[in-house]
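Bear in mind that the values in this text are calculations on the coordinates, not laboratory data. Keep in mind the model is a prediction, meaning the values are calculated, not measured. Counting neighbours? That spans all protein chains shown, and the Cβs are built from the backbone with ideal geometry, glycine included.
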Amino acid sequence: MTAKLEADLTAAIAAAADLTALEAVRVSALGKSGAISDLLKSLGGMSPDERREQGPLINGLRDRVAAAIAARKATLEAAELDARLASEGVDLSLPAPPRRKGGVHPTMQVMDEMIAIFAEMGFSLAEGPDIETDFNNFTALNFPPKHPAREMHDTFFLPEDENGERKVLRTHTSPVQVRVMNRTNQKPAAPWIASGQEPPIRVIVPGRTFRKDSDQTHTPMFHQIEGLVIDKAIHMGHLKWTLETFLGRFFETPDVVTRFRPHHFPFTEPSAEMDVQCDRSGGEVKIGQGTDWLEILGCGMVHPNVLRNCGLDPDIWQGFAFGCGVDRLGVLKYGMPDLRDMFATDVRWLQHYGFSPFAAPNPATGLS
Ligand code: DAH
C-alpha cells in the first residue's frame, strides 16, 4: 500500500510545475490530514508487532517524500530566479535614450571646452575663492591704493571685519595669479585653493567673478578664465600664438583672424586687448568671416611689480597673462542674444541651449 502511495506522490512531485502546485502536493501528503500523516496516526492503533513492522516503513516513506519535495522546491526556486533575472535584465550595449531631462549649462560647456584646449597645450588648472582680499584682488596686481582703477571694477565690498579689512567679491580671476605665484602665501584655506608654485608656471584659472553691472552684455555674476605663463625668456610672440591657437580651436574654424589693440591694465606692461574679426551684418556675430572687429579678451606681459609683489625676480622670470569672459564666449559661439538669459534659470532656455552630459568636450572627439 505504501509503495503505491509513494509512486503516486513521487509522480505528483515531479509533475508540480510551480511552487504553488508543489505546496498542494506537500499538504496532501504531509499536512495535518495528509495521506502520510494519516498513516503515521494509524500506528497508534496497531499491535506492537504490526507497529514494529509498519513504523520503519511509514517513517521511511515520510522522509523520502519530504526529501523529494525539498529537492523539487530548490529546483523550482532556482528556475523562478533565473526567469526573474532574465526579465529584469538591462542591455547595457543599447544607446541611452535620446530624451534627457538635465543638460550641461552653456557656461559649463564653454569652460569644459576651454579647459580641454588649454589642457592639451600643457596648462594645468588652479582655483581661488570667490571672496578675496583687497591685496590679492588689487594691491598685489599693481592697482595703486585709492586709485580710481579700483572703482573702475564696480566692486562689491564686504563690510569691514574685526581687523578693519574689507574683503571683496573678486572682480576678476587675476588674483589667482597672485595665489599661484606667491610662495610666501599662508596655508590655503581649503585644499582646492591654489598656493605658491615654483616657476615655470603654466596655469589656467576658471571661476566666478562679480561686478555691480547689469545690461544686455553684463551680469553681476559672470565667469572668467585667466591664463598665466611664467618662465625665462617669455615674450609677446608666445602670448599671441597661444591665444590665436586657442581661438581657432575654440571657434572650430581655421579662419579666425585676430589683432592686438594697445590697452591699459595695471598688472601687465605692455597690455593689449585682442579682437577677432567677425561679421555683424546679419544681426548675429559670425566669427571667421566679415570685416568687423570684436573685443574678446585682455592680456599682456606680467608687470615687473606684480612679479616682485609675489616674490619673483623680474630680471630672471617673465611671463604673459590673459583673461576672458567665459559666458561671453558662449554667447558668441552659440549665438545667444542676451547674456542675462544665461542666469535667468528659464527651463525652456536651458533645454534649448543645454548640452548633453554624455558628450564631454575633448580635443580628440570634438568640442561641441
Ligand atoms: N582681469 C582683467 C579683467 O577682468 C582681464 C585681464 C586682462 C586679465 C589682462 C589678465 C590680463 O590676466 O593680463 O578685465
| query | Can you pick out the pairs among Lys187/Lys232; Lys4/Lys32; Lys101/Lys212; Lys146/Lys240; Lys32/Lys73; Lys187/Lys240 whose Cα atoms lie more than 31 Å from each other? | reply | Lys101/Lys212; Lys146/Lys240; Lys187/Lys240
| said: Is there a quick way to get the dipole size of the chain? I mean about its Cα centre, with the Cβ of Lys and Arg at +1 and of Asp and Glu at -1; what is the value in debye to the nearest 20? | reply: 620 debye
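If contacts are Cα pairs under 8 angstrom and at least 6 residues apart, what is the relative contact order of segment 175-237 in percent?
29 percent
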| remark: Under 19 Å by backbone N from the virtual spin label 7 Å along Cα-to-Cβ at Asp338, the residues of segment 263-300 are 283-285
| request: Of the options Leu125, Asn137, Thr253, report the single residue whose Cα projects farthest towards the positive end of the charge dipole of the chain (beta-carbon charges: Lys, Arg +1; Asp, Glu -1). | output: Leu125
| remark: Residues meeting the amide H criterion for Ser124 (H placed from the backbone, H to H distance under 5 Å, 5 or more places apart or on another chain) are Arg202, Val203, Ile204
| said: Show me the three semi-axes of the equivalent ellipsoid for segment 30-183, from the C-alpha gyration tensor (sqrt of 5 times each eigenvalue), largest first, rounded to whole Å. | reply: 89, 24, 14
| said: So if I restrict to the alpha-carbon atoms in segment 2-87, what is the Rg, and what is Dmax, the biggest pairwise distance, in Å? | reply: 15.6, 58
| Rounded to the nearest 20 debye, dipole of segment 2-87 from Cβ charges on Lys, Arg, Asp, Glu | 160 debye
| Kirkwood Rh, the chain, all Cα pairs: how many Å? | 26.5 Å
| request: Take every Cα pair under 8 Å in segment 106-353 that's 6+ residues apart, average their separations, divide by the length, and report that relative contact order as a whole percent. | output: 21 percent
| Peptide ranges 232-241, 249-258, 127-136, 104-113 listed from the most packed, as the mean C-beta count within 10 angstrom indicates | 104-113, 127-136, 249-258, 232-241
| message | What does the C-alpha gyration tensor say about the overall shape of segment 144-229? Classify as rounded when a/c is under 1.5, otherwise prolate if a/b is larger than b/c, or oblate. | response | oblate
